Amino acid sequence: MTITKSAAVVGTDAVAEAMRQIEPDVVAAYPITPQTAIVETFATMVANGEVNTEMVNVESEHSALSACIGAAGGGARVMTCTSSQGLALMWEMLYIASGLRLPIVMPNVNRTLSAPINIHCDHSDSMGARDSGWIQLYSENSQEAYENTIQAARIAENKEVLLPAMVLLDGFIISHGTERVDFYEDEKVRNFVGEYQPPYTMLDPENPITVGAFDGLYGYFFEFKRAQEEAMKNALKVVKEVGEEFGEKFGKNYGYFETYQLEDAEVALIALGSGAGTTRAAVQQLREEGLKVGMLKLRLFRPFPAEELVKALSHVPVIGVLDRSLTFSGGPGGPVWQEIRSAFYDAENKPQIVSFAYGLGGRDFSPQQAKEAGRMLVEGNFPEGTCYLGLKEEDN
Amino acid sequence: MKLKELTHKRELLTGGHRLCAGCGASIAVRQVLLAAPEDVNIVVANPTGCLEVSTTIYPYTAWRTSYIHSAFENVASTLSGVESAYRSLHRQGKIKDDYHFIAFGGDGGTYDIGFQALSGALERGHRMLYVCYNNEAYMNTGIQRSGATSLGAWTTTSPVGSQIPGKSQNRKDLTSIVAAHGIPYVAQASISHWRDLVNKTAKALSVDGPSFINVLSPCHRGWRFPMEQTIELAKLGVQSCVWPLYEVEDGEYTLNFKAKNKKPLEEYIKNQGRFAHLMKEENREIKDKLQEHVDKEWHRLLRKCGETAEV
Ligand SMILES: Cc1ncc(C[n+]2csc(CCOP(=O)(O)OP(=O)(O)O)c2C)c(N)n1
Ligand code: SF4
Ligand SMILES: [Mg+2]
């Protein structure tokens, strides 16, 4: 049995436990609700000598990621974690971390972005960072947050990838919700993650290197970016391989997405994060009512598994995409909807793809709302543009 | 340390970089690196600025040391990350060699946008030397005012207009602000006094914690003077007490240079285009104010150093 303990814990503890087991060489982080408990718990582990990690309690998130970049350039395995405004403050450094090809792992506890200031969950923060060159793995619950964190290190550090990775978990809903989590043996997790072998390091006396050179006059920038895109493509393959290996070692396979009742579905809902759990419950109830509703839970948003998604959904004529953030494009659709729509552009059978927005700023997402969405799809009765679920106004 | 000995040392910033001929920044860097012990490895870090863009033009690098640049406002946090990696890997026995960590930041990257990161890194106590190569403006972006720019100085964002002639504010005293962090070693130096800077670097690198040296490093492009006068101008800065040389060791201030005859400000500014308008009668008041400020700061420093006699 690989499970050493099953415990009722909050999501932040599940993530901190993964960090303890990974035992990075350096962690630089700054507190922000709802991520704070991760830094606190990890600091306690450091203070008690449970990990050999050098913890850098920086004075801002900008410095957190900057210190991570410096440490990763020094050949260390590095982690940080943040939320919301913290991620926004890191924005400049997100691109630098990926551009320098440093495999930093960062759990981000999803919280919306101000204003108005609001500490609760939506995906505005991480969706805003979708084009920053980071891998993004979304978690439905604490168990997945734990397991995604462990896999993220392997994926990011793969020689064909070497990109930073974010693990996303919904603020409060997952981070502060107590759930049963199965933890694996330290030894097994450590063997799975393996020793980090940096391809380059500033701390090799025989081979001093320059990190972050200026692409001023000769112009290789375009080529670097092209190579980064290629690395993202490789990540697609590696996410799958690592997910399968995880399954072999720990008994639970991970892929790009999970489906539920999709085989014979006439309509499907797509969700990511904790909203997927709610949606699953709704689908179950709708099925009991005789409605042929299915769902797809997206785990991987960057890189985007477009081909596989289209294949999995090709038989479904009506798809509803549940977005927990907006793009303010003035038109319909959150970021997931846009991505799904674009994935189907070349498909032979183009389904109808409906945009739903839900849960902004932590607005409760109920099975009723998900059921309402499912019913709308079945009845073909949905408004033009985006349908806002759970808005206080009567009409959207 | 003898000059002759220094000339035999291996330069860690090689020729072929693209800094302007006569640039004060490269002189500061070379003097500092010449003072570093040869048997210790070095990681150098830069924020964005003249030094960075001119020494790391891909696919080349002018640095024989390991080097990192990540962004403009964060050289202190970036280097604190490198130092933390070293600490961690050294403790785990994965690295055996000794390292020094040296940041060279422009005044913009130090006084202004990078100040928070600097203050945080100092407070955390990383073992690193932070050298500010101070040319008193944002040179890389074409000479804009910074918190280190003197009252009255022309820059492109403190232009000499008909209503506002040059910068309206005094520079801030960053060296004292850094000293207030209570770190083991803080100093002010100038590229004109190489021996002083070399000694200070040796001291700074010997402390177990953060150290900071603010080095006056004139930029002829921004200050508007002939490029062969870089050292001369730095020297006049010291002799006029515009840029006094001193150090703060564990809170104790020591004056390192006391001019026999303190030169008037005018001697220092008269050959600099950025102050040309201050030589006009209509701007006399600003020049007097600047002189007043220099004198006030000088006297304050003398008191801190326990020097009573005026010269
Ligand atoms: C966040 C950010 N803001 C602005 C800039 C533009 N910028 C690059 S270098 C620089 C000025 C550098 O001045 P200083 O630190 O004094 O160095 P110097 O160029 O004078 O050597 C500025 C404003 C930037 N790169 N990043
Ligand atoms: S502009 Fe000034 S600081 Fe920049 S390289 Fe030229 S002389 Fe040096
Ligand atoms: Mg400058």
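Results, tabulated for the structure shown:
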{"item": "The range B:33-52 - residue that is among the polar types (S, T, N, Q) and open to solvent by 10 Å² or more (accessible area, probe 1.4 Å) and, of those, farthest from ligand 1 (Cβ to nearest atom)", "result": "B:Asn41"}
{"item": "From B:Val178, B:Val131, residue being within 16 Å of ligand 2 (Cβ to nearest atom), of a type outside the set (Ser, Thr, Tyr) and either within 14 Å of another protein chain (Cβ to nearest Cβ) or more than 30 Å from B:Asn283 (Cβ to Cβ) (or both)", "result": "B:Val131"}
{"item": "The range B:30-58, residues that are at the interface with chain A (Cβ under 7 Å from one of its Cβ atoms) and over 13 Å from B:Leu19 (Cβ atoms)", "result": "B:Asn41, B:Val43, B:Tyr58"}
{"item": "Index of the failed condition, B:Trp154 passing every other in (1) away from ligand 1 (no atom under 12 Å from the Cβ); (2) in contact with a Leu (Cβ under 8 Å, 6 or more places away or on another chain)", "result": "(2)"}
{"item": "Residue among A:Lys297, A:Lys233 that is among the charged types (D, E, K, R) and within 25 Å of A:Gly99 (Cα to Cα)", "result": "A:Lys233"}
{"item": "Candidate set: the range B:3-18, residues that are in contact with a Leu (Cβ under 7 Å, 6 or more places away or on another chain) and under 23 Å from A:Thr210 (Cα atoms); chosen: the one farthest from ligand 3 (Cβ to nearest atom)", "result": "B:Lys9"}
{"item": "The listed residue being touching a residue at least 40 places away in the same chain (Cβ under 8 Å), over 21 Å from B:Arg145 (Cα atoms) and open to solvent by 30 Å² or more (accessible area, probe 1.4 Å), out of B:His8, B:His17", "result": "B:His17"}
{"item": "Tabulated pairs, the range A:1-28, first in a strand (DSSP E or B), second of a type in the set (Gly, Ala, Ser), C-beta under 6 angstrom, 6+ apart or interchain", "result": "A:Val26/A:Ala71; A:Val26/A:Ala76; A:Val26/B:Ser84; A:Val26/B:Ala85; A:Val26/B:Ser88; A:Ala28/A:Ala64; A:Ala28/A:Ala67"}
{"item": "Residue count, the range A:31-40 (criterion: part of a loop (DSSP other than H, G, I, E, B) and crowded, with 24+ Cβ neighbours inside 10 Å)", "result": "2"}
{"item": "Residue match in the range A:243-254 (condition: in contact with a Phe, Trp or Tyr (Cβ under 9 Å, 6 or more places away or on another chain), of a type in the set (Ser, Thr, Tyr) and within 26 Å of A:Gln143 (Cα to Cα))", "result": "yes"}
{"item": "Residue ID - farthest from the chain's Cα centre (by Cα), chosen from residues in the range B:29-50 that are within 18 Å of A:Ile96 (Cβ to Cβ) and within 15 Å of ligand 3 (Cβ to nearest atom)", "result": "B:Thr48"}
{"item": "Listing of helices (runs of 4 or more DSSP H) fully contained in the range B:159-260 that carry 1 or more residues being polar (S, T, N, Q) and surrounded by fewer than 15 Cβ atoms within 10 Å (Cβ to Cβ)", "result": "B:194-206"}
{"item": "Those residues of the range B:265-276 which are in contact with a Ser or Thr (Cβ under 7 Å, 6 or more places away or on another chain) and either surrounded by fewer than 16 Cβ atoms within 10 Å (Cβ to Cβ) or assigned to a loop (DSSP other than H, G, I, E, B) (or both), in sequence order", "result": "B:Glu267"}
{"item": "Residues being within 14 Å of ligand 1 (Cβ to nearest atom) and within 14 Å of chain A (Cβ to nearest Cβ) - total across the range B:14-26", "result": "3"}
{"item": "Residue in the range B:207-222 that is more than 18 Å from the chain's Cα centre (by Cα) and not β-branched (Val, Ile, Thr) present", "result": "yes"}
{"item": "A:Ala213 within 14 Å of chain B (Cβ to nearest Cβ), in contact with a strand residue (DSSP E or B) (Cβ under 9 Å, 6 or more places away or on another chain) and closer than 30 Å to B:His90 by Cβ", "result": "yes"}
{"item": "Candidate set: the range A:47-62, residues that are closer than 14 Å to A:Thr80 by Cβ and outside any strand (DSSP E or B); chosen: the one nearest to the other protein chains (Cβ to nearest Cβ)", "result": "A:Glu59"}
{"item": "Segments classed as helices (runs of 4 or more DSSP H), wholly inside the range A:117-218, with at least 3 members that are touching a Lys or Arg at 6+ places or on another chain (Cβ under 9 Å) and acidic (Asp, Glu)", "result": "A:142-157"}
{"item": "Among the candidates A:Gly99, A:Gly128, residue that is surrounded by fewer than 24 Cβ atoms within 10 Å (Cβ to Cβ) and within 13 Å of the chain's Cα centre (by Cα)", "result": "A:Gly128"}
{"item": "Residue within the range B:80-95 that is within 16 Å of ligand 2 (Cβ to nearest atom), out of contact with any Cys (no Cβ under 9 Å at 6 or more places or on another chain) and open to solvent by less than 20 Å² (accessible area, probe 1.4 Å) present", "result": "no"}
{"item": "The range A:362-390: number of residues that are out of contact with any Phe, Trp or Tyr (no Cβ under 7 Å at 6 or more places or on another chain), open to solvent by 20 Å² or more (accessible area, probe 1.4 Å), closer than 29 Å to A:Ser83 by Cα and not hydroxyl-bearing (Ser, Thr, Tyr)", "result": "4"}
{"item": "Whichever residue in the range B:77-129 is acidic (Asp, Glu) and over 18 Å from the mean Cα position of the chain (by Cα) and, among such residues, is farthest from B:Arg171 (Cα to Cα)", "result": "B:Asp97"}
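The values are calculated or read from the model by the stated rules, or taken from the named source; none is laboratory data. Keep in mind it's a predicted model, so treat the numbers as computed, not measured. For neighbour counting, all protein chains shown are included, and Cβ atoms are generated from backbone atoms with ideal geometry for every residue, glycine included. Please note that ligands, DNA and RNA were not included when accessible areas were found on the heavy atoms of the full protein model with its side chains. Shrake-Rupley method; radii C 1.70, N 1.55, O 1.52, S 1.80 Å.
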